[in-house]
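Visitor: The following block contains the structure, expressed as structure tokens.
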Amino acid sequence: MERRCRKISELKDIVFQPEGRRANVQARVSILKAAKLAGADLISICGGKGSCGKCRVVVEEREKVGPPTKAEEDLLTPDELSAGYRLACQASIKGSLTVRIPEESRTGKQRLQVEGIESPVGLEPLVRKYFVQLPKPTLGDPRSDLDRLLEELRKRYDIKNLKAEYSVVKTLPSVLRKAIWEVTVTIFNGDKIIDVEPGDTTDRIFGYAVDIGTTKLAGYLLDLNTGKVIAVEPLMNPQIPFGEDVITRITYAMKGSKALMELQTVVVDGINRILEDLCDRVDVDPGEVYEMTAVGNTAMHHLFLNIYPRYLALSPFPPVVREGVNVDAKEVGVKINPNGSVYVLPVIAGFVGADNVAVILATEIYKKDELCMALDIGTNTEVVLGNKEYMLACSCASGPAFEGAHIKHGMRAASGAIEKVTMDPKSLEVKYKTVDDAKPCGICGSAIVDIPAELLKAGIIDVAGKINRDLDSSRLREKEGVLEFVLAWKEESSIGQDIVITQEDLREIQLAKAAIHTGTVTLMKEARVKEEDIDVVFIAGAFGSYIAPENARIIGMYPEVPLKKVNVVGNAAGTGARMALVSKTARKNTEKISKKVKYIELANEPNFKNELMNSYYIPYADLSRYPRTSRLLRRLGKYPKKPIPKFK
Ligand code: FES
């Protein structure tokens, strides 16, 4: 008892402002851990390793935390340290205190792109409702309640060989009698009764489709009588505090079953939170939602299903299961109808997941005559090349730069994020547009694509991405040995400082786009096709429909094809999840797609490293493969004077 009291007295009360969230923690735990416990909105890109420098918080009562670590001395300036800035993952708690999370360290309310293309699909959901009127039992007809129900379904709807869930049988006598023998029966997959309700409720049957992204969750509530979406809701993936990329989360899950369960529980909590909001909004009871489909990359798939993901991170990166998984909703903790089920679409390989199968389903690449390329851009970008004859897929470690991470003023598409940038090639003046037209506070993905393209056209950088230090512009300067270009002046911004793009940021963007470009050229080489053979390029994922396809082409994110062949399809993975929810045939097709796609492991390709180096140039070391961009650069007088060295 005495020990217990002593333990409780050691608990420190931590308050996170401006949200006012609180946590009680033991001394010596990190502020980041306390923030996770409190559910506070705090970015932690590297998962607490002390390398990303994004978990910045302000601590006024300095004596209540341990001294700055080496990582903090490296990642924070002396001015910042003396102003009370600390890295939450490094600062250990000594006493009760208040922690302020500055705006730049919050994920904030974001504009999350959840809309995707609509692909027409026949309505044939696995869950259906049937209304029946039963004859009452009599001495001459003393059949069991269940036999009476099954016989009526056979007679009226020709449904045979049905089984009933035990929980349905348990409540059957009271439901039938209360309903005066008029009930609605919900049947899953034509052979299992999962619900019996009084009266005729055939017009109330709903389904839930979820795209479990590394960064965001997108939930769609559908009316299964019409196949239409009736409400949509995004949410940041609550696993983010455990690390922003899949490897960090896999590493966390590898600590043991408790850690794996922790990751599974937080993502299911998020999925349930969206479900509750959607249902509230359109007056649907979660009990009227009978099925859920889910897509996600293979790591998200495993973590959602509580499957140990260790081997996804170890060569040759095999998934535990490739086929689609059907599981009872209650087994994974999803709060739809207690007898409802969850179908998780099949995956292709360890790094090409169910989300990519869904993209192929939604874009219908698998049935097209035309040669298509699809890019699903995210922290990991998947590239698919093919048509109804063959499909190749690879996964590119593009990293989170296009989602704002590792970029000095990078942020997600929240209010005030610069989302579009243009530059005058003569005056080098900058025009930008921000989300909600608010004062700028950072730069989001679509502008992160615009910036190198605009800098190149203006001659501020060369094709190697190097800033030209000889330019005469007040926007160009050197800070602590790093060149940077000012996009928005302090007076215009809401963060009290200039918003800049640095030489280091440009390197990060180049690395990200080089990874994607390497994927595209490797698949083209494998399929022995050239740019002119490609009929359609689909761009899906992270930026939604906000990306400027021309600038993405100028920076060499995809092969140079005419813009009329480029199709921005938003969250196509979400579309695929919805299609699999309303159509049995679509669901069968996902299994065929997953078997048919040939996975190409980029790191195994003999020329991989050279391709990566060549792809680092903007748009590419071999400019002859970008004739339109070359013409544009010539016209602007920015075409390289010396030949670009190529890696062979
Ligand atoms: S430095 Fe703290 S989470 Fe990355």
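Visitor: Pick out the one residue from ILE187, ILE212 that is of a type in the set (Val, Ile, Thr) and farther than 18 Å from LEU134 by Cα.
Guide: ILE212
Visitor: With respect to ILE247, determine if the residue is touching a residue at least 60 places away in the same chain (Cβ under 8 Å) and of a type outside the set (D, E, K, R).
Guide: It is true that ILE247 is touching a residue at least 60 places away in the same chain (Cβ under 8 Å) and of a type outside the set (D, E, K, R).
Visitor: Go through segment 9-38 residue by residue and tally those that are away from the ligand (no atom under 16 Å from the Cβ), modelled with pLDDT of 80 or more and part of a strand (DSSP E or B).
Guide: Number satisfying all stated conditions: 6.
Visitor: Any idea which of LEU523, LEU581 is more than 25 Å from LEU476 (Cα to Cα), among the hydrophobic types (A, V, I, L, M, F, W, C), part of a helix (DSSP H, G or I) and in contact with an Asp or Glu (Cβ under 9 Å, 6 or more places away or on another chain)?
Guide: LEU581
Visitor: Are any residues in segment 210-234 touching a residue at least 60 places away in the same chain (Cβ under 8 Å), in a strand (DSSP E or B) and closer than 30 Å to GLY53 by Cβ, and if so, which ones?
Guide: Passing the criteria: ASP211, ILE212, LYS216, ALA218, PRO234.
Visitor: Tell me, please, whether a residue that is surrounded by fewer than 24 Cβ atoms within 10 Å (Cβ to Cβ), part of a strand (DSSP E or B) and out of contact with any His (no Cβ under 8 Å at 6 or more places or on another chain) can be found in segment 302-316.
Guide: No; the residues of segment 302-316 include none that is surrounded by fewer than 24 Cβ atoms within 10 Å (Cβ to Cβ), part of a strand (DSSP E or B) and out of contact with any His (no Cβ under 8 Å at 6 or more places or on another chain).
Visitor: Another question about this same structure. Specify which of the listed residues (LEU581, LEU523, LEU602, LEU612) is closer than 18 Å to LYS388 by Cβ and in contact (Cβ under 8 Å) with a residue 24 or more places away in the chain.
Guide: Within the list LEU581, LEU523, LEU602, LEU612, the selection yields LEU523.
Visitor: Is it the case that segment 167-176 has a residue that's touching a residue at least 60 places away in the same chain (Cβ under 8 Å) and not in a loop (DSSP other than H, G, I, E, B)?
Guide: Yes - at least one qualifying residue is present in segment 167-176.
Visitor: Another question, then. So, in segment 39-91, exactly how many residues are more than 8 Å from the ligand (Cβ to nearest atom) and assigned to a loop (DSSP other than H, G, I, E, B)?
Guide: 15
Visitor: Before we move on, is ARG634 surrounded by 15 or more Cβ atoms within 10 Å (Cβ to Cβ) and not in a loop (DSSP other than H, G, I, E, B)?
Guide: So ARG634 does not fit the description; no.
Visitor: Looking only at residues in segment 92-106 that are modelled with pLDDT under 90 and buried (at least 20 other Cβ atoms within 10 Å of the Cβ), which one is farthest from the ligand (Cβ to nearest atom)?
Guide: Per the criteria, the residue is ILE101.
Visitor: Sticking with this one: Can you find even one residue in segment 517-526 that is surrounded by 22 or more Cβ atoms within 10 Å (Cβ to Cβ) and modelled with pLDDT under 95?
Guide: no
Visitor: Among (1) surrounded by fewer than 21 Cβ atoms within 10 Å (Cβ to Cβ); (2) touching a residue at least 60 places away in the same chain (Cβ under 8 Å); (3) over 23 Å from ILE360 (Cα atoms); (4) hydrophobic (A, V, I, L, M, F, W, C), there is one condition VAL536 misses while meeting the rest; what is its number?
Guide: Failed condition: (3).
Visitor: Which one of these is assigned to a helix (DSSP H, G or I), of a type in the set (Ser, Thr, Tyr) and surrounded by 14 or more Cβ atoms within 10 Å (Cβ to Cβ): SER446, SER473, SER494?
Guide: SER446 is the lone residue from the list that is assigned to a helix (DSSP H, G or I), of a type in the set (Ser, Thr, Tyr) and surrounded by 14 or more Cβ atoms within 10 Å (Cβ to Cβ).
Visitor: Further, regarding this structure: Considering each residue of segment 37-52, count those that are surrounded by 20 or more Cβ atoms within 10 Å (Cβ to Cβ), within 15 Å of VAL15 (Cβ to Cβ) and within 22 Å of the chain's Cα centre (by Cα), and give that number.
Guide: Total satisfying the criteria: 2.
Visitor: Among the candidates LEU146, LEU150, which residue alone is aliphatic (A, V, I, L, M), buried (at least 19 other Cβ atoms within 10 Å of the Cβ) and at pLDDT 95 or above?
Guide: Just a single option satisfies the conditions, and that option is LEU150.
The values are calculated or read from the model by the stated rules, or taken from the named source; none is laboratory data. In this text, all values refer to a predicted model and were calculated from it rather than measured experimentally. Note that we place each Cβ from the backbone using ideal geometry, even for glycine, and neighbour counts take in every protein chain shown.
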